[in-house]
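Participant: Below is one structure. I have some questions about it.
Every number here is computed from the coordinates shown, using simple stated rules; none is lab data. Since this is a predicted model, take the numbers as computed values, not measurements. With ideal geometry, Cβ positions are generated from the backbone for all residues, glycine too; neighbour counts draw on all protein chains shown.
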Amino acid sequence: MSRLSFTIAITSGEPAGIGPDIISAIDANTFAARLVILGDRELIESRCKAQVGNREFVEYHPDRNPPDSGALEILHIPLAEPCKTGTPNTANAGYVLEMLKRACNGCLQQEFNAMVTAPVQKDLINQAGFAFSGHTEFLADLCGEAKPVMLLTAAQLRVALVTTHLPLRQVPDAISAELIMQILDILNQELQHKFGLDHPHIKVCGLNPHAGESGYLGREEIEQISPAIETMQHRGLNISGPYPADTIFTQANLSDAEVILAMYHDQGLPVLKHAGFHRAVNTTLGLPIIRTSVDHGTALDLAGSSSADAGSLLSAIGSALSQAECVRKNAATP
């Protein structure tokens, strides 16, 4: 497959964090795709030079072929103010969001086949006056989609979430049978469309300890979760549960599951990150575009230190490319 077959946009994230550092680990010749880095060119060049020495960068032009040398292409988006490594500046919050908007719009207009995101500093963006709960929700708004689904993968382990960035106190009230059914439907479709999984088996966690213990430890399983599962089973989806979250991640229970659907963020993601930190990938499903991301934060204390691990970024690029290939294959199949 030609390197011209796919183009992937890579946003460099919070400029004071490790995003610009881990960009230096990307070898354009490793991936069968055109890789375009979004961010301030001077910042990225200087941080990469500090990490690995001089790297070759060229300006990105969508109407030109990529360089034969394997140099990284940069779509220059200027910082609002100079960046001090490890010290975020609210003045650059708009810069971070502009990268996301440009990459997302490029995907919607089919300039890019996928986008990969380096980490951002959520609290800083909110301090700057922008309502921002995370990449997932921000990109869903840009795409005009009401219900994105967060899926994290580490090797063969996949974990999706019913609720994402909510305080734990709000989780039970946010869970409904309608929401669970909507997410199960998206999961089933996207695992087939973007991951090539035929009739995927989705195992669903309960919300409460022991999956509610027949109502003694909570009734969400009886009143919301089980009815949603039964309805989707009648529609032909390969779904089972609810399972107690403290045993669903055992090897025996994972052996016949393509994905685990957890009820909230810290029910499923600690297990996944324990299993594959630095190689796990965050994917946003339910969007008309492909978006993957690293599984970690900005690590401000590591910025500029040459200690940041780029494994998750490289895995995210590989996953984005794999999903783009799967989508194209499905589109070509009658």
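Participant: In percent, how large is the relative contact order of the chain, given Cα pairs closer than 8 Å and 6 or more residues apart?
Facilitator: 22 percent
Participant: Additional query: Extending each Cα 7 Å along its Cβ direction at R55 and D185, get the distance between those two points in nm, one decimal.
Facilitator: Modelled inter-label distance: 4.2 nm.
Participant: For the stretch 113-169, what are Rg and Dmax over the alpha carbons, in angstrom?
Facilitator: Spelled out, the Cα radius of gyration and Dmax of the stretch 113-169 are 13.1, 39 Å.
Participant: Report the calculated FRET efficiency for R64 and E230 (r = Cβ-Cβ distance, R0 = 51 Å), to the nearest 0.05.
Facilitator: Using R0 = 51 Å, I get an efficiency of 0.40.
Participant: Out of residues 5 or more away from Y243 or on other chains, whose amide H comes under 5 Å of its own, with H placed 1.01 Å from N in the peptide plane?
Facilitator: Sorted by chain and number, the residues that satisfy this are V204, C205, G206.
Participant: Given the -39500 (n - 2.57) contribution per DSSP H run of 4+ residues, what per-residue ellipticity at 222 nm results for the chain, rounded to the nearest 500 deg cm²/dmol?
Facilitator: Theoretical 222 nm ellipticity from helices: -10500 deg cm²/dmol.
Participant: Taking the Cα atoms only, what angle lies between the long axis of helix 41-52 and the longest principal axis of the chain, rounded to 10 degrees?
Facilitator: 80 degrees
Participant: Can you tell me the equivalent ellipsoid semi-axes for the stretch 148-280? Use √(5λ) from the Cα gyration tensor, largest first, whole Å.
Facilitator: Result for the stretch 148-280: semi-axes of 21, 18, 14 Å.
Participant: Which of the lysines could a cross-linker bridge to K49, judged by Cα under 23 Å and excluding same-chain residues fewer than eight apart?
Facilitator: The reachable lysines, counting only those whose Cα sits under 23 Å from K49, are K84.
Participant: While we're on this one: Any chance you could check the Cα centroid distance between the stretch 127-143 and the stretch 74-108 for me, in angstrom?
Facilitator: 14 Å
Participant: Calculate one ³J(HN,Hα) per residue across the stretch 187-196 by plugging θ = phi - 60° into the Karplus curve 6.51 cos²θ - 1.76 cosθ + 1.60, and present them in order as whole Hz with x for glycine and proline.
Facilitator: These are the phi-based 3J(HN,Hα) values: 4, 4, 5, 6, 5, 6, 6, 9, 10, x Hz.
Participant: How long is the gain from A131 to H193 if the chain were fully straight, where each residue apart is worth 0.36 nm and the alpha carbon distance is subtracted?
Facilitator: Stretched fully, the A131-H193 segment lengthens by 19.2 nm.
Participant: Shifting gears a bit: Just check the stretch 237-330 against the gyration tensor rule for me: Cα atoms, a ≥ b ≥ c as the square roots of the eigenvalues, rounded for a/c under 1.5, and otherwise prolate or oblate depending on whether a/b exceeds b/c.
Facilitator: oblate
Participant: Separate question: Would you kindly derive the ³J(HN,Hα) couplings of the stretch 227-242 from the backbone phi angles with the Karplus curve 6.51 cos²θ - 1.76 cosθ + 1.60 (θ = phi - 60°), listing them in order in whole Hz, with x for Gly and Pro?
Facilitator: x, 5, 4, 5, 4, 6, 4, 5, 7, x, 7, 8, 10, 9, x, x
Participant: Filter the trypsin sites (Lys or Arg not before Pro) in the stretch 51-149 down to the DSSP loop ones having no more than 10 other Cβ atoms within 10 Å, then list what survives.
Facilitator: Those that pass, being in a loop and sparsely packed, are R64.
Participant: Shifting gears a bit: Compute the angle between helix 93-108 and the longest alpha-carbon principal axis of the chain, please, reported from 0 to 90 degrees and rounded to the nearest 10.
Facilitator: Around 80 degrees separate the two axes.
Participant: Hey, another quick one. What share of the DSSP beta bridges in the stretch 148-280 is antiparallel, in percent to the nearest 5?
Facilitator: Restricted to the stretch 148-280, the bridges split so that about 30 percent are antiparallel.
Participant: Same structure, new question: Residues with beta-carbon under 15 Å from that of G311, excluding G311: net charge, scoring Lys, Arg +1 and Asp, Glu -1?
Facilitator: Surrounding charge for G311 is -2.
Participant: Quick check: net charge around E220, other residues with Cβ under 14 Å of its Cβ, Lys/Arg +1 and Asp/Glu -1?
Facilitator: Around E220, the charge tally is -4.
Participant: Quick one: helix 311-332 against the long Cα principal axis of the chain, what's the angle to the nearest 10°, folded into 0 to 90?
Facilitator: Between helix and principal axis, roughly 70 degrees.
Participant: Let me know the shape class of the stretch 1-51, please: from the alpha-carbon gyration tensor, a ≥ b ≥ c as square roots of the eigenvalues, rounded when a/c is under 1.5, otherwise prolate if a/b is greater than b/c, or oblate.
Facilitator: Judged from the Cα gyration tensor, the stretch 1-51 comes out prolate (a/c at least 1.5, a/b above b/c).
Participant: Let me ask something additional. Need one number: convex hull volume per residue for the stretch 1-99, Cα atoms only, in Å³.
Facilitator: Expressed per residue, the convex hull around the Cα atoms of the stretch 1-99 is 87 Å³.
Participant: Let me ask something else. Quick one: work out the % antiparallel among DSSP beta bridges in the chain, nearest 5.
Facilitator: Restricted to the chain, the bridges split so that about 35 percent are antiparallel.
Participant: Calculate, in nm to one decimal, what D123 and D141 gain on full extension: separation in residues at 0.36 nm each, minus their alpha carbon distance.
Facilitator: Full extension from D123 to D141 adds 4.6 nm.
Participant: Still on this model: How long is the gain from S46 to T247 if the chain were fully straight, where each residue apart is worth 0.36 nm and the alpha carbon distance is subtracted?
Facilitator: Separation in residues times 0.36 nm, less the Cα-Cα distance, equals 67.6 nm.
Participant: In sequence order, what are the phi-derived ³J(HN,Hα) couplings for the stretch 159-174 according to the Karplus relation 6.51 cos²θ - 1.76 cosθ + 1.60 with θ = phi - 60°, rounded to whole Hz, with x for glycine and proline?
Facilitator: Using θ = phi - 60°, the values come out as 10, 10, 10, 6, 10, 10, 9, 10, x, 4, 4, 8, 4, x, 5, 7 Hz.
Participant: Taking the Cα-to-Cβ direction at A331 and at H76 and moving 7 Å from each Cα, how far apart do the two end points lie in nm?
Facilitator: 3.1 nm
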